[in-house]
Amino acid sequence: MIDLTIHEALEKLKSGEISATELTRAYLDRIEKYGDELNCYITRTSERALADAAESDKHYADGTARALEGIPIGMKDLFATRGIRTTAASRMLENFVPEYESTVSQKFIDSGSVLLGKTNLDEFAMGTFSKTSYFGAPVNPWHLSDKLTAGGSSGGSTSAVAGGLCMGATGTDTGGSIRFPSAITGLVGMKPTYGLCSRWGCVAFASSLDTPGPIARTVDDAALMLSVMAGHDDKDSTSESAGFNAHTPLEPILGDGKKLRVGVIRELNDVQISDDMKKLFNDRIADLKSIGAEIVEVSIPNILDALAAYYIIAPAEASSNLARYDGMRYGLRVEGSDLIDTYKKTRAAGFGDEVQRRMIVGTAVLSSESYEVYFMQAARVRRMIADSFNAAFKQCDLIVCPTSAGPAQPLDSDLTPLEYYALDMFTVAMNLAGIPACSVPAGLAQNGLPLGVQVVGKRFDDLRVMQLAKHIEQFAGVDNRPTKIMGK
Ligand code: GLN
C-alpha cells in the first residue's frame with residue numbers, strides 16, 4: 001500500500017478495496033520501522049491518526065467522503081495544531097502546545113485527511129539541510145546508508161514522503177524550503193503564489209516571503225493537496241481572494257498542436273551547475289520542444305543579486321518576528337537576575353546558532369545607520385526582480401530553470417554559513433517576486449540521485465505551472481516509489 005499515490009489510494013478507498021484504517025495502519029507500521037532512522041517526525045500522532053481513519057471509514061460508508069478522505073499526511077511542525085505540540089524544531093518551543101489550529105492544518109482536517117504527525121525541519125525554517133533542527137536532522141531515504149540530507153527547511157516532510165512514512169506533507173517556502181528538499185528527494189514540491197495559502201497559525205519566519213505549499217510524489221497529488229490548502233482567509237491580511245480548484249488529474253497544456261512559450265533565464269547560464277543537472281535540464285527542454293513548446297530566452301538582469309537581497313530581507317523580518325520569544329508569554333523561560341537578564345538567558349538558551357546569527361544580522365540591517373544602505377537597497381533589488389519577471393512573462397508564458405546546482409550531499413558536509421546560503425541560488429528570486437514555482441523530478445544523476453527543475457509562472461498562474469510540471473514529470477519518468485527508493 002505504501003507505493004500508492006494519493007489518487008490511486010482514493011480510488012481504492014472509494015471502491016472499498018481498502019479501508020482508511022488499513023491504509024493508516026500500514027503507514028503507522030512504516031513509521032514504527034523507519035521513523036527513528038529517518039528522524040522525519042518530531043511528534044507522532046498515532047492515536048489521533050487511528051481516530052481520524054475511523055471517522056473517514058464512516059464517511060466512505062455513508063457516502064460523504066471529502067477531498068482527501070482517509071489519506072495519511074504529515075504536517076510540517078511549523079503549523080500550529082490544537083492540542084498537539086508545535087515546536088518549529090526549536091528548544092524555545094519544545095513544550096509548546098497551541099490552543100488553536102492553523103488555517104492550513106484546519107483545511108486538512110476539513111478535507112478528511114489523517115494526521116500521522118508533525119514533521120522535522122530546520123529551526124524556525126532557517127536552513128537548507130534541516131541540520132539546524134533542535135531534534136537532529138532528518139535523513140534522505142535515497143542511498144540511505146550514505147546518510148544524505150533530505151534538504152531543508154521542509155526536510156522532515158520530504159524524508160517522510162519519499163520514504164513512504166506519509167502520502168503527502170505540507171511545507172513552507174520562504175526562500176526555497178519546499179522546492180530544494182523536494183528536488184533532492186525525487187518529489188514534487190509546489191511553492192504557490194504568495195498569499196494563495198493562508199499563513200495564519202504558521203510560525204512566522206519572514207512574513208512577506210513565507211508561503212505554505214504541498215509536497216507529494218506526483219504533480220497530480222500536489223495539485224489535489226493545493227486545492228485543499230488554498231483560499232482566502234480573513235485571519236491573514238495578505239491572503240488573496242483567489243483559490244486553486246484544480247480538477248485532477250490535470251489536463252495537458254502541451255501536445256496535440258497546443259503551443260506554449262517557455263522561457264529560459266539567460267543570466268542563469270553563467271551559474272556553475274553539475275554536468276548532470278545541465279544535461280537533464282537540456283534534455284527536458286528538448287522534450288518540451290518536441291511537443292510544441294517554443295523556447296524563448298528571457299532576461300532577469302538582477303537575478304544574481306537575489307541571494308544578497310534575500311539574506312538581508314529574510315533576517316530583518318525574522319528578527320522582528322522572533323522578538324516575541326522573550327520568556328514572558330509562552331515557550332522557554334530561563335530566569336535571570338532581572339528582566340533584561342531573563343530575556344538574554346532565555347534567548348541564548350532557546351535559539352540555536354543559525355537563528356541567533358540571523359537575529360544579529362536582521363537587527364543590524366534594520367539599525368538606523370544601516371537601514372538605508374542595506375535594507376532599502378535590498379527592497380529595491382526585490383522590486384527590480386519582480387518587475388523583470390513581469391516583463392519576461394510578456395515574452396513567454398512560463399519559465400523553466402534548475403531547482404539546485406546538484407544532488408543531495410552528505411549530512412556531515414562541513415559547509416560555512418555562506419556556502420549554505422549559496423545553495424538557495426535558484427529558489428529565492430521567486431519568493432522575492434511572490435510568484436509560483438513548482439519543482440518536479442527532472443531525472444537521475446549519474447550516481448542515481450534525483451535532481452529537479454522548476455516551472456515558474458506569473459502570479460496566480462499556479463495551475464498552468466503545475467500543468468507544465470506534469471509534462472516534465474512524464475518525460476523524466478523518475479520512479480519514486482518508496483519501497484524502490486529504500487529497497488524495503
Ligand atoms: N534556505 C533558506 C534559508 O535558510 C530558505 C529557508 C526557507 O525557505 N524556509 O533562509
Given (1) within 19 Å of THR81 (Cβ to Cβ); (2) of a type in the set (D, E, K, R); (3) assigned to a loop (DSSP other than H, G, I, E, B), identify the lone condition not met by LYS131. (1)
List the number of the failed condition for ALA61; all other conditions in (1) among the hydrophobic types (A, V, I, L, M, F, W, C); (2) crowded, with 16+ Cβ neighbours inside 10 Å; (3) over 15 Å from LEU115 (Cβ atoms) hold. (2)
Out of TYR325, TYR310, sole residue that is touching a Leu at 6+ places or on another chain (Cβ under 8 Å), surrounded by 20 or more Cβ atoms within 10 Å (Cβ to Cβ) and within 20 Å of TYR134 (Cβ to Cβ): TYR325
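Being in contact with a Leu (Cβ under 7 Å, 6 or more places away or on another chain), crowded, with 16+ Cβ neighbours inside 10 Å and modelled with pLDDT of 95 or more narrows it down to one residue among ILE273, ILE300, ILE285, ILE253; which is it?
Numbers: ILE273 fails: in contact with a Leu (Cβ under 7 Å, 6 or more places away or on another chain); ILE300 fails: in contact with a Leu (Cβ under 7 Å, 6 or more places away or on another chain); ILE285 fails: in contact with a Leu (Cβ under 7 Å, 6 or more places away or on another chain).
Going through ILE273, ILE300, ILE285, ILE253 in turn, just one is in contact with a Leu (Cβ under 7 Å, 6 or more places away or on another chain), crowded, with 16+ Cβ neighbours inside 10 Å and modelled with pLDDT of 95 or more: ILE253.
Out of the residues in segment 416-432 that are over 16 Å from SER274 (Cβ atoms) and hydrophobic (A, V, I, L, M, F, W, C), which is nearest to the ligand (Cβ to nearest atom)?
Filtering segment 416-432 down to residues over 16 Å from SER274 (Cβ atoms) leaves 416-418, 420-421, 424, 427-432.
Filter once more, keeping what is hydrophobic (A, V, I, L, M, F, W, C): 418, 428-430, 432.
Values: LEU418: 12, VAL428: 7, ALA429: 12, MET430: 11, LEU432: 12 Å.
Top of the filtered list is VAL428.
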Can you tell which of GLU101, GLU55 is acidic (Asp, Glu), surrounded by fewer than 23 Cβ atoms within 10 Å (Cβ to Cβ), over 29 Å from VAL428 (Cα atoms) and out of contact with any Cys (no Cβ under 9 Å at 6 or more places or on another chain)? GLU55
Flagged pairs (Cβ under 6 angstrom, 6 or more apart or on separate chains; first in segment 411-424, closer than 13 Å to ARG358 by Cα and of a type in the set (Ser, Thr, Tyr); second within 12 Å of the ligand (Cβ to nearest atom) and at pLDDT 95 or above) are TYR421/TYR311
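Within segment 59-75, is there a residue that is outside any loop (DSSP other than H, G, I, E, B), over 21 Å from the mean Cα position of the chain (by Cα) and touching a residue at least 12 places away in the same chain (Cβ under 8 Å)? Spell out the reasoning first.
Step one: of segment 59-75, the residues outside any loop (DSSP other than H, G, I, E, B) are 59-61, 72-75.
Then keep just the ones that are over 21 Å from the mean Cα position of the chain (by Cα); that gives 59-61.
Retained after the next criterion (residues that are touching a residue at least 12 places away in the same chain (Cβ under 8 Å)): 59-60.
Within segment 59-75 (the criterion being outside any loop (DSSP other than H, G, I, E, B), over 21 Å from the mean Cα position of the chain (by Cα) and touching a residue at least 12 places away in the same chain (Cβ under 8 Å)), the answer is yes, since at least one residue qualifies.
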When segment 405-428 is checked residue by residue, the ones that are within 12 Å of LYS131 (Cβ to Cβ), touching a strand residue (DSSP E or B) at 6+ places or on another chain (Cβ under 7 Å) and either of a type in the set (Phe, Trp, Tyr) or assigned to a loop (DSSP other than H, G, I, E, B) (or both) are GLN409, LEU411
Can you tell me which condition ARG347 does not meet? The list is (1) farther than 30 Å from GLY457 by Cβ; (2) surrounded by 20 or more Cβ atoms within 10 Å (Cβ to Cβ); (3) charged (D, E, K, R); (4) within 16 Å of the ligand (Cβ to nearest atom), and all the others hold. (4)
Search result, residues across segment 431-458 that are touching a Leu at 6+ places or on another chain (Cβ under 9 Å) and surrounded by fewer than 24 Cβ atoms within 10 Å (Cβ to Cβ): GLY434, GLY443, LEU444, ALA445, LEU449, LYS458
Against the definition (within 13 Å of the ligand (Cβ to nearest atom), farther than 18 Å from PHE426 by Cα, in contact with a strand residue (DSSP E or B) (Cβ under 6 Å, 6 or more places away or on another chain) and modelled with pLDDT of 95 or more), how does SER157 come out, yes or no? yes
Among the residues of segment 224-268, which ones are part of a strand (DSSP E or B) and more than 26 Å from ARG481 (Cβ to Cβ)? ALA230, LYS258, LEU260, ARG261, VAL262, GLY263, VAL264, ILE265
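If I go through segment 158-180 residue by residue, how many of them are closer than 19 Å to MET229 by Cβ, polar (S, T, N, Q) and touching a residue at least 60 places away in the same chain (Cβ under 8 Å)?
The qualifying residues number 3.
Condition test on GLY434, is it at pLDDT 95 or above and either under 25 Å from ASP146 (Cβ atoms) or hydroxyl-bearing (Ser, Thr, Tyr) (or both)?
On the way: at pLDDT 95 or above: yes; either under 25 Å from ASP146 (Cβ atoms) or hydroxyl-bearing (Ser, Thr, Tyr) (or both): no.
In short, no.
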Residues of segment 433-465 satisfying the condition of being over 14 Å from the mean Cα position of the chain (by Cα) and within 16 Å of the ligand (Cβ to nearest atom): ALA433, GLY434, ILE435, VAL456
Kindly check whether there is at least one residue in segment 32-39 that is in a helix (DSSP H, G or I) and touching a helix residue (DSSP H, G or I) at 6+ places or on another chain (Cβ under 7 Å). yes
The listed residue being surrounded by fewer than 24 Cβ atoms within 10 Å (Cβ to Cβ), at pLDDT 95 or above, closer than 16 Å to ASN39 by Cβ and not aromatic (Phe, Trp, Tyr), out of ASP110, ASP122, ASP146: ASP146
Would you call PRO441 assigned to a strand (DSSP E or B), in contact with a helix residue (DSSP H, G or I) (Cβ under 9 Å, 6 or more places away or on another chain) and not small (Gly, Ala, Ser)? yes
Scope segment 113-127; condition within 16 Å of the ligand (Cβ to nearest atom) and outside any strand (DSSP E or B); matching residues: ASN120, LEU121, ASP122, GLU123, PHE124, ALA125, MET126, GLY127
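The values are calculated or read from the model by the stated rules, or taken from the named source; none is laboratory data. These numbers come from a predicted model, not from an experiment. Cβ: placed from backbone, ideal geometry, glycine included. Neighbour counts: every protein chain shown.
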